[in-house]
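The values are calculated or read from the model by the stated rules, or taken from the named source; none is laboratory data. Just so it is clear, the model here is predicted, and its values are computed rather than measured. Every residue, glycine among them, receives a Cβ derived from its backbone with ideal geometry; neighbour counts consider all protein chains shown. Calculation scope for accessible area: heavy atoms of the full protein, side chains included, ligands and nucleic acids excluded. Shrake-Rupley method; radii C 1.70, N 1.55, O 1.52, S 1.80 Å.
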Amino acid sequence: PTGLDNGIAVPHGRHSSVTGIAGAVAIVEGEEGISDYETIDASAVKIIVLTLANDKAQTPYLQLMAYISKKLRANDGYRQLAQCSTAE
């Protein structure tokens, strides 16, 4: 499962065709979120952070995953992100 807690999901993939690391962030609209996603605390997913990386570059990929987890969990970062209404 790629669900963390507090409504955060971080699906990820690695493939040789990817150059560097790419990603996208989605905020799920509506109060319900995605309830059938496997999160640690069984919370409905409101934030999805997709990451794609080259399958040979292990260290930068692991650093990115740790950074995402830390930033979203620290100081209610996930709440701040979920309240965004524009990409900016």
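Mind checking whether some residue in region 60-77 is among the polar types (S, T, N, Q) and assigned to a loop (DSSP other than H, G, I, E, B)? The answer is no; no qualifying residue exists. In region 65-78, the condition of being surrounded by 14 or more Cβ atoms within 10 Å (Cβ to Cβ) and touching a Ser or Thr at 6+ places or on another chain (Cβ under 9 Å) is met by at least one residue.
Looking only at strands (runs of 3 or more DSSP E) that lie completely in region 1-58, which have at least 2 residues being under 15 Å from LEU72 (Cα atoms) and touching a helix residue (DSSP H, G or I) at 6+ places or on another chain (Cβ under 8 Å)? Fully inside region 1-58 and qualifying: 21-27, 47-53. With respect to the conditions (1) at pLDDT 90 or above; (2) within 15 Å of the chain's Cα centre (by Cα), ASP76 lacks only one, and its number is (1).
For first residues located in region 67-79 and free of Cβ contacts under 8 Å to residues at least 24 places away in the same chain, partners that are open to solvent by 30 Å² or more (accessible area, probe 1.4 Å) and lie 6+ apart or on another chain with Cβ distances below 7 Å form the pairs GLY77/LYS71. Here region 1-42 is the region considered, the condition is being open to solvent by 90 Å² or more (accessible area, probe 1.4 Å) and over 21 Å from PRO60 (Cβ atoms), and the residue that is modelled with the highest pLDDT is ILE40.
If the condition is being more than 12 Å from the chain's Cα centre (by Cα), among the polar types (S, T, N, Q) and within 19 Å of LEU81 (Cα to Cα), then region 36-59 contributes only SER43. The residues of region 4-57 that are touching a His at 6+ places or on another chain (Cβ under 8 Å) and hydrophobic (A, V, I, L, M, F, W, C), listed by number, are LEU50, LEU52, ALA53.
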